[in-house]
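Throughout, read-outs are computed from the coordinates displayed, never taken from laboratory work. Keep in mind it's a predicted model, so treat the numbers as computed, not measured. Please note: Cβ atoms are built from the backbone with ideal geometry, for glycine as well, and neighbour counts cover all protein chains shown.
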Amino acid sequence: MSGVNVSICRSSIEPFHKVNDLSSLALITEGGGQRGVFTAGVLDVFMENNFNPFSLLIGASAGSLNLASYICNQRQHAYRVITEVTTKKHFFNYYNIFSNKGAMNLDWLIEETKTNLKLDWDTGKKNMKYKKVLACASCLYEDKAEFFDLSLGSWEDSLKASCSIPLLNRHPVYFNQKYWVDGGLSAPIPVEEAYNRGFKNLVVIRTNPKGTYSSHQWLKVAKKCLSKTKIATLIDMLLIHERNYERNEKFINDPPGDAVIYEIHPSKKLNASLVGSDLLSLHSDYEHGRKLGKYFLQYYNHLK
């Protein structure tokens, strides 16, 4: 028997699904680089309404950065990081993509969240006494997801590991005696992890429209031609991401019988890209997220 998937989207108004128990809610946030501005819009509306009933929060890549702002209860923090930091050449520069520097400067982004756009970890730590916030990262040589508790150890290393996009970030992040790359490789939408931890009511914030699949068969052909190059290693990573994304998507669309998934997703492809987006596109996607955040809260209030 299948569980329930409820689509929260302006173009898809589903009947209210009454559930008996809304306790032990989990929140899962997808990555997507600058497309995470959509998630920032949703979470800002949640904060404006003092809405954080979640016992478990799990984010992958940009999704983990959004959760850091959310658990610290800082409205517009994630929006400002995306629009004021990730749009700067000091953070991302195409011309450095094949240099030793790499195109992406995660160290600078994290430094900004400690200085000019400082995260309020005093508030965050108080909130994490009652909630668990996990940042998903991928172990480079094991094709395995790891989930780092932001209340333990170095939150800086955990967030950097979760967001370290291969090729763009020149070197993987090294800590805990392992090399780590973007959590979106092994668990693009880490909904199964929440379910396996015993959470049956799952709120998932997506940065892609419902039913998004990526299938690049040409990558398999290219890999055969480039079998002993660094490009082949990158292709391997992309294929791993596609496989895991499809698995996560299937779980969301056809959840186990005891699960209810509330899926907040864009009604269409977002204007923003992974990187290199203009401010108009970012603001438009942020407002789209705000609208769906408000719609979800209206929906949620009908369930209580």
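Structure above, values below:
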{"item": "Violating pairs (Cα-Cα greater than 26 angstrom) within the set Lys89/Lys160; Lys125/Lys210; Lys210/Lys291; Lys89/Lys129", "result": "Lys125/Lys210; Lys89/Lys129"}
{"item": "From phi via Karplus (6.51, -1.76, 1.60), per-residue ³J(HN,Hα) for region 41-54 in Hz, x at Gly/Pro", "result": "x, 4, 5, 5, 5, 4, 5, 4, 9, 6, 9, 8, x, 7"}
{"item": "By average C-beta atoms within 10 angstrom, highest first, the peptides 123-132, 285-294, 25-34", "result": "25-34, 285-294, 123-132"}
{"item": "Stokes-Einstein D for region 4-303, Kirkwood Rh over Cα pairs, 25 °C, 0.890 mPa s (µm²/s)", "result": "127"}
{"item": "For region 49-115, alpha-carbon Rg and Dmax in angstrom", "result": "14.2, 45"}
{"item": "Under-5 Å amide H pairs with Tyr262, H placed in peptide plane, nonlocal only", "result": "Val6, Leu202, Val203, Val204"}
{"item": "Phi to ³J(HN,Hα) by Karplus 6.51 cos²θ - 1.76 cosθ + 1.60 over region 174-182, Hz, x for Gly, Pro", "result": "10, 6, 6, 6, 9, 9, 10, 10, 2"}
{"item": "Mean Cβ count within 10 Å, highest first, over the residues of peptides 148-155, 136-143", "result": "136-143, 148-155"}
{"item": "Burial ranking of peptide ranges 61-68, 250-257 (average Cβ count within 10 Å, highest at the top)", "result": "61-68, 250-257"}
{"item": "Ser55 paired with Gln76, simple spin-label distance in nm, labels 7 Å along Cα-to-beta-carbon", "result": "3.5"}
{"item": "Alpha-carbon centroids, region 164-206 and region 257-304: separation in whole Å", "result": "20"}
{"item": "Karplus (6.51, -1.76, 1.60) ³J(HN,Hα), θ = phi - 60°, over region 189-202, in Hz, Gly and Pro reported as x", "result": "10, x, 6, 5, 4, 5, 4, 5, 8, x, 8, 9, 9, 10"}
